[in-house]
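Note sheet for the following structure.
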Amino acid sequence: MDCAEFARAVKANVGQVIVGKDAATELLLVTLLVEGHALLEDVPGIGKTTLAKALSRSLDFSFARIQFTPDLLPSDVTGISYYNQKLQEFEFRPGPAFTQLLLADEINRATPRTQSALLEAMQERQVTVDGCTYPLPRPFMVLATQNPIELEGTFPLPEAQVDRFLAQIRLGYPTEAQEEEILQRYQSHSLPGGGQPGPGVVPARPGDDLLADLRPIASAEDVRALQRAVLEIHVSADVRHYIAQVTRATREHPAVDLGVSPRGTLALFKASQALAALRGRDYVIPSDVQRLCPSVLTHRVHISPQVRLRGRTPAQIIGEITESVPVPVVE
């Protein structure tokens, strides 16, 4: 299976559950193939959690979900060392972070101390507890969700953690036709993510939950092979220069207080390789870079308060920069 075939199969699988989100699914696959992490940010009810679950069921990965709350402790994420009285020694009990696909639901509801427990895992694919370091399984990907509207009872993500997300993905509302298709599709099915029935409840008929019907189409080893293949995607010197010009322009823009970091430049470079592979090419073109700039760069840019008061947003600034930087002509 090559990257393009993999992309088509996953999109078709996810499309059985969630309607009209091929673009978001493609961005998630880009993130997966470069071993990055994604932040799904949008209003409630759009399908963020459903999309994450559909992706997890499409891949034969181990999966864990953490519902972030203000009382969640770092040890609830990473695990703890406890004293085993039978063995008369300390043992490590792994937390939910020891998985291949981790859904961090409503991540901004946890305290900064708990949020930072994921920093080492996201950057170095390992967890350190009581001075001992434990490697995480590979591939490892964090899918975090957050609601940008509701501020009460939330804790904004620190800049260091936001910068570790390769992409910030907004799903957006469906079109009228897509919403009608959703109604038709779920007319004879339960709501997405219905889960297992509780005690004393008659089990649902097969097919009542569309998520439960999904079957994996790729194993962890398949994905690891595709990740290695992405490293071979050719990037010309002109395109490399274009990527560097775009990110440097964010640091020189008068409306920007904090531009894109070198980690962001590398993220845009790697993501462009993955997007080219998913679209069936063995080389990157400038339109790949332009397609990814809004998702990879916007959350890394901080504009001045005066500019924000005038109604301008980081997304608009990134759009201006993308249009102003000369695009190389690639034969």
Residue count for the stretch 110-125, restricted to those that are within 16 Å of R65 (Cβ to Cβ) and in contact with a strand residue (DSSP E or B) (Cβ under 8 Å, 6 or more places away or on another chain): 2
Return the pairs, sorted by first residue and then second, in which the second residue is outside any helix (DSSP H, G or I) and modelled with pLDDT of 50 or more, the first residue lies in the stretch 199-220 and is among the hydroxyl-bearing types (S, T, Y), the beta carbons are less than 9 Å apart, and the residues are 6+ apart or on different chains. S219/L59; S219/D60; S219/F61
Exactly one of (1) out of contact with any Ser or Thr (no Cβ under 7 Å at 6 or more places or on another chain); (2) more than 28 Å from M122 (Cα to Cα) is unmet by L266. Its number? (2)
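Going residue by residue through the stretch 131-139, is there one that turns out to be of a type outside the set (A, V, I, L, M), assigned by TED's automatic domain parsing to the domain that holds G36, more than 23 Å from A274 (Cα to Cα) and touching a residue at least 24 places away in the same chain (Cβ under 8 Å)? So that I can check it myself, show each step before the final result.
At the first step, the residues of the stretch 131-139 found to be of a type outside the set (A, V, I, L, M) are 131-135, 137-139.
Those still in the list that are assigned by TED's automatic domain parsing to the domain that holds G36 too: 131-135, 137-139.
Now narrow it down to the ones that are more than 23 Å from A274 (Cα to Cα): 131-135.
This time we only want the ones that are touching a residue at least 24 places away in the same chain (Cβ under 8 Å), so: 132, 134.
So far as the stretch 131-139 goes, yes, one or more of its residues are of a type outside the set (A, V, I, L, M), assigned by TED's automatic domain parsing to the domain that holds G36, more than 23 Å from A274 (Cα to Cα) and touching a residue at least 24 places away in the same chain (Cβ under 8 Å).
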Log entry, pairs with first residue in the stretch 49-66 being over 15 Å from A212 (Cβ atoms), second being buried (at least 22 other Cβ atoms within 10 Å of the Cβ) and among the basic types (K, R), beta carbons closer than 7 Å, six or more apart or on different chains, reads L51/K21
Do you know which of the residues in the stretch 1-40 that are in contact with a helix residue (DSSP H, G or I) (Cβ under 8 Å, 6 or more places away or on another chain) and of a type in the set (D, E) is farthest from V142 (Cα to Cα)? D2
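Residue by residue through the stretch 229-241, note down the ones that are part of a helix (DSSP H, G or I) and either more than 13 Å from L278 (Cα to Cα) or in contact with a strand residue (DSSP E or B) (Cβ under 8 Å, 6 or more places away or on another chain) (or both). Can you show your working first?
The initial filter retains those residues of the stretch 229-241 that are part of a helix (DSSP H, G or I), namely 229-230, 237-241.
Within the stretch 229-241, A237, D238, V239, R240, H241 meet the criteria.
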Just the residues that are in contact (Cβ under 8 Å) with a residue 12 or more places away in the chain and outside any strand (DSSP E or B), please, taken from the stretch 301-319. V301, S304, V307, R312, P314, A315, I317, I318, G319
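Those residues that are part of a helix (DSSP H, G or I), touching a helix residue (DSSP H, G or I) at 6+ places or on another chain (Cβ under 7 Å) and within 15 Å of H299 (Cα to Cα), I need them from the stretch 247-270; list them, please.
Initially, the stretch 247-270 is screened for residues part of a helix (DSSP H, G or I), giving 247-252, 262-270.
Next, from what is left, pick out any that are touching a helix residue (DSSP H, G or I) at 6+ places or on another chain (Cβ under 7 Å): 247, 249-250, 264-265, 267-269.
Selection gives T247, T250, G264, T265, A267, L268.
Take the conditions at pLDDT 90 or above and under 26 Å from M122 (Cβ atoms) and apply them to R279. Does it pass? Before the answer, list the steps.
Numbers: at pLDDT 90 or above: yes; under 26 Å from M122 (Cβ atoms): no.
For R279, the condition - at pLDDT 90 or above and under 26 Å from M122 (Cβ atoms) - is not met.
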For the stretch 121-167, which positions are on the phi > 0 side of the Ramachandran plot and of a type in the set (D, E)? D130
Could you look through the stretch 123-136, keep only residues that are under 20 Å from the mean Cα position of the chain (by Cα), at pLDDT 90 or above and surrounded by 14 or more Cβ atoms within 10 Å (Cβ to Cβ), and pick out the one that is farthest from G79 (Cα to Cα)? R125
Could you check L33 against (1) within 30 Å of A177 (Cβ to Cβ); (2) crowded, with 18+ Cβ neighbours inside 10 Å; (3) out of contact with any Asp or Glu (no Cβ under 8 Å at 6 or more places or on another chain) and say which number it fails? (1)
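Residues that are among the polar types (S, T, N, Q): list the helices (runs of 4 or more DSSP H) wholly contained in the stretch 1-120 that include at least 2 such residues.
Working: elements: 3-14, 22-33, 48-58, 75-78, 112-115.
In the stretch 1-120, 22-33, 48-58, 75-78, 112-115 are the helices (runs of 4 or more DSSP H) which contain 2 or more residues that are among the polar types (S, T, N, Q).
The values are calculated or read from the model by the stated rules, or taken from the named source; none is laboratory data. Here the structure is a predicted model, which is why all the values come from computation and not from measurement. As a convention, Cβ positions derive from the backbone with ideal geometry for all residues, glycine included, and neighbour counts pool all protein chains shown.
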